[in-house]
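Quick notes on the structure that follows.
Derivation of every value follows stated rules applied to the coordinates shown; laboratory data play no part. Fair warning: this is a prediction, and the values are worked out from it, not measured in the lab. All Cβ positions, glycine included, derive from the backbone under ideal geometry; neighbour counts span all protein chains shown.
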Amino acid sequence: MEKRTLNRTLISLGSNLGNKIQHLNQAIQKIEKTVGKIEFVSSFHESKAWGYDSENLFMNACITCYTILSPFELLEKLKEIEREMGRVKTVDGYEDRCIDLDIIFYNVDSIQTEILTIPHPHVKIRDFVMIPLTEIVKENDPFWQFLNS
């Protein structure tokens with residue numbers, strides 16, 4: 001039997017369509033059920049769309065959780081949750097969506113491929129990630145140190 005290690009990840013959640021709070025809570029439940037044990041959940045924060053114009057405000061949050069999934073398995077699981085919740089991509093780029101799940105950190109690994117970049121390349125310039133992130137990641141946390149290295 002293959003031994004799988006426990007990995008710590010930080011995931012950003014966002015929704016700007018429908019019942020945004022319900023979408024975030026549903027995504028958190030699905031992550032807990034299919035990805036792994038959730039450690040911390042930030043409060044929910046409202047923000048304007050980033051990277052495109054929209055009349056719909058976003059509700060955003062961050063979570064940390066533990067998973068045995070590899071980074072690529074985690075990415076696929078998060079995309080599956082988005083699809084199950086009704087997210088449909090209709091354009092290349094940004095658009096309104098019922099749920100958006102992004103891997104911000106995975107352990108303190110650096111990964112750069114065509115389909116996955118960790119840490120997330122825009123984390124430091126996105127207040128909608130940084131504000132909830134700072135609620136659950138403190139200065140002694142490896143994610144904080146990685147963020148500021």
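7 Å from Cα along Cα→Cβ at both N19 and S110: what's the point-to-point distance in nm?
Rounded to a tenth, the inter-label distance reads 4.4 nm.
Would you work out which of T5, Q112, H23 lies farthest towards the positive end of the dipole of the chain? Charges go on Cβ: Lys and Arg +1, Asp and Glu -1.
T5
Using only the alpha-carbon atoms, how far is helix 127-136 inclined from the longest principal axis of the chain? Give it as 0 to 90 degrees, nearest 10.
Once rounded, the angle reads 40 degrees.
Round to the nearest 10 and give me the degree value, 0 to 90, for the angle of helix 71-84's Cα axis relative to the longest principal axis of the chain.
With rounding to tens, the tilt is 30 degrees.
Report, in whole Å, the centroid distance computed from the Cα atoms of region 95-149 and region 46-84.
Using only Cα atoms, the two centres lie 11 Å from each other.
Just how large is the dipole of region 65-147 about the Cα centre, in debye to the nearest 20, putting +1 at every Lys and Arg Cβ and -1 at every Asp and Glu Cβ?
For region 65-147, the charge dipole is close to 40 debye.
As a test of the formula, what do you get for the chain when each DSSP H run with n ≥ 4 contributes -39,500 (n - 2.57) and the sum is divided by the residue count, at 222 nm and rounded to the nearest 500 deg cm²/dmol?
On the way: 4 runs with 45 residues, N = 149.
Dividing the helical sum by the residues of the chain leaves -9000 deg cm²/dmol.
When the Kirkwood hydrodynamic radius is evaluated over all pairs of different C-alpha atoms of region 7-147, what value in angstrom, to one decimal, is obtained?
Details: mean 1/r = 0.0662 Å⁻¹.
For region 7-147, inverting the mean 1/r across all distinct Cα pairs yields 15.1 Å.
Might you report the magnitude of the Cβ-based charge dipole of the chain about its Cα centre, with Lys and Arg at +1 and Asp and Glu at -1, to the nearest 20 debye?
Around 360 debye, computed over the chain.
Can you run the Rg to Rh ratio on region 64-136? Use alpha carbon positions and the Kirkwood inverse-distance Rh.
Here the Rg-to-Rh quotient is 0.95.
Among P121, L133, V35, flag the residue with its Cα farthest along the positive direction of the charge dipole of the chain, charges on Cβ as +1 for Lys/Arg and -1 for Asp/Glu.
V35
Taking neighbour Cβ counts within 10 Å as the exposure measure, how do V123, V137 sort from fewest upward?
The order, fewest Cβ neighbours first, is V123, V137.
Can you check what the net charge comes to around C65, using other residues whose Cβ is under 12 Å from the Cβ of C65 (Lys, Arg +1; Asp, Glu -1)? Walk me through the intermediate numbers first.
Working: positive: R8, K30, K33, K37, K77; negative: E32, E39.
Overall, the nearby charge balance is +3.
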